[in-house]
1. Check residue 329 against each of (1) closer than 18 Å to residue 97 by Cβ; (2) in contact with a helix residue (DSSP H, G or I) (Cβ under 8 Å, 6 or more places away or on another chain) and name the one condition it does not meet.
2. Does residue 410 fit the bill of being at pLDDT 95 or above, surrounded by fewer than 20 Cβ atoms within 10 Å (Cβ to Cβ) and within 23 Å of residue 316 (Cβ to Cβ)?
3. Looking only at the range 228-271, which residues are within 20 Å of residue 81 (Cα to Cα) and in contact with a helix residue (DSSP H, G or I) (Cβ under 6 Å, 6 or more places away or on another chain)?
4. Identify the residue in the range 16-46 that is outside any helix (DSSP H, G or I) and in contact (Cβ under 8 Å) with a residue 24 or more places away in the chain and, among all such residues, is farthest from residue 162 (Cα to Cα).
5. Return the total of residues in the range 47-90 being assigned to a loop (DSSP other than H, G, I, E, B) and farther than 16 Å from residue 159 by Cα.
6. Go through the range 51-87 and give me each residue that's surrounded by fewer than 17 Cβ atoms within 10 Å (Cβ to Cβ) and either closer than 24 Å to residue 129 by Cβ or free of Cβ contacts under 8 Å to residues at least 12 places away in the same chain (or both).
7. For the structure I just gave you, tell me whether residue 243 is assigned to a loop (DSSP other than H, G, I, E, B), touching a residue at least 60 places away in the same chain (Cβ under 8 Å) and crowded, with 17+ Cβ neighbours inside 10 Å.
8. Regarding the range 291-311, can at least one residue be identified that is exposed (fewer than 14 other Cβ atoms within 10 Å of the Cβ), in a loop (DSSP other than H, G, I, E, B), at positive phi and over 28 Å from the mean Cα position of the chain (by Cα)?
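The values are calculated or read from the model by the stated rules, or taken from the named source; none is laboratory data. Just so you know, these numbers come straight off a predicted model, no measurement behind them. Reconstructed Cβ throughout: ideal geometry from the backbone, glycine too, with neighbour counts over all protein chains shown.
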């Protein structure tokens, strides 16, 4: 059996049986990075020697009979907005190009405790603001299925790394679809957990009430295993909920009997690519053949999701990114006349265009005379969006929809049209505004050979249900 391309469970089995060592496994993925990443550009940094040293430690631990973690020996890529002690954490921005955190993010600590091999830092849209990974200050990541197309964003590096077979697992962050959309474009599984399920400690903040860290993997089982590791209470994040974390992998292969799937007319409106709609409806037919019931629901306020998100998120970004002023840490302009000029020049040179755009929008919406008209009104609509989901989940177990309106688009095709780029997240934003979990699973391929995903949504903290529903479909597709 080939190492690269095996599922996480197959890899764990090979490691446990001694058929392959952690060093051999890590070397195989490092070779794959060396072969594919010059074109895909998924990694901002990776250190072959450091990865092999980690692998050697895990092999030694296994040979000595010490207890091993749930990911013992599995490579994991980490999106470069999660702090790792002693390693640059840049957020793909000039502003943090030389920033080296003195501590690990909670999820990085969990990975280390689980004996994962940290393979490297995955590229992203600057400060996680974007849907194509074209906004990185350092490089443009490409879709592993066709290099002319975008991998999605902002976790495009993480999704592309998994999709190209350069790592079996990766971590991304999802503020408005930034795990699910690139997972769909790259043909992998990506999950946004419930807000509060995974600690955000050490995640560089974009929009604090929306950000959530989640797993990407080649299959649902790998996604479930990685979520088991990173989920759970952390007192350092006041929004992290103290609830037990189920053993997701234990119940994963148990089909959901009497499953009721909701579909909303609002998710199949004008602008949806016919191939995407056909793929989603074919997936629903698979569920029906498995005994599920498909039921029409309504999410009437979803039409306001894009407008609501692009008030709330920029407002929070404006506040969070105010700390990058050239004074305490990070980039500082070399030439300036006085302190005010130093602030302005530093931020002008250190931030890219998309980050500046969102900061300005957010600052305007929060300014005197506009706060009530924009931010406060957006918060009220956000509540209505959440109430739509509450009503819908009283009648259905999960909601199925497209992940994106189209398959992957060509690199450069939407760069000069911010609104068209924002509309790529049309079907994913609502889950972040409502705080509920969502998953993207591969469902088909376009006539151009590009992956198309299916999105499933579930009530808050029902990740187990969501994963089992996703696995039902995956088993029929194997």
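1. Against the list (1) closer than 18 Å to residue 97 by Cβ; (2) in contact with a helix residue (DSSP H, G or I) (Cβ under 8 Å, 6 or more places away or on another chain), residue 329 comes up short only on (2).
2. For residue 410, the condition - at pLDDT 95 or above, surrounded by fewer than 20 Cβ atoms within 10 Å (Cβ to Cβ) and within 23 Å of residue 316 (Cβ to Cβ) - is not met.
3. Within the range 228-271, 229, 230, 234 qualify.
4. Going through the qualifying residues, I end up with 21.
5. Total satisfying the criteria: 20.
6. 53, 57, 60, 63, 64, 65, 66, 67
7. no
8. Within the range 291-311, one or more residues are exposed (fewer than 14 other Cβ atoms within 10 Å of the Cβ), in a loop (DSSP other than H, G, I, E, B), at positive phi and over 28 Å from the mean Cα position of the chain (by Cα).
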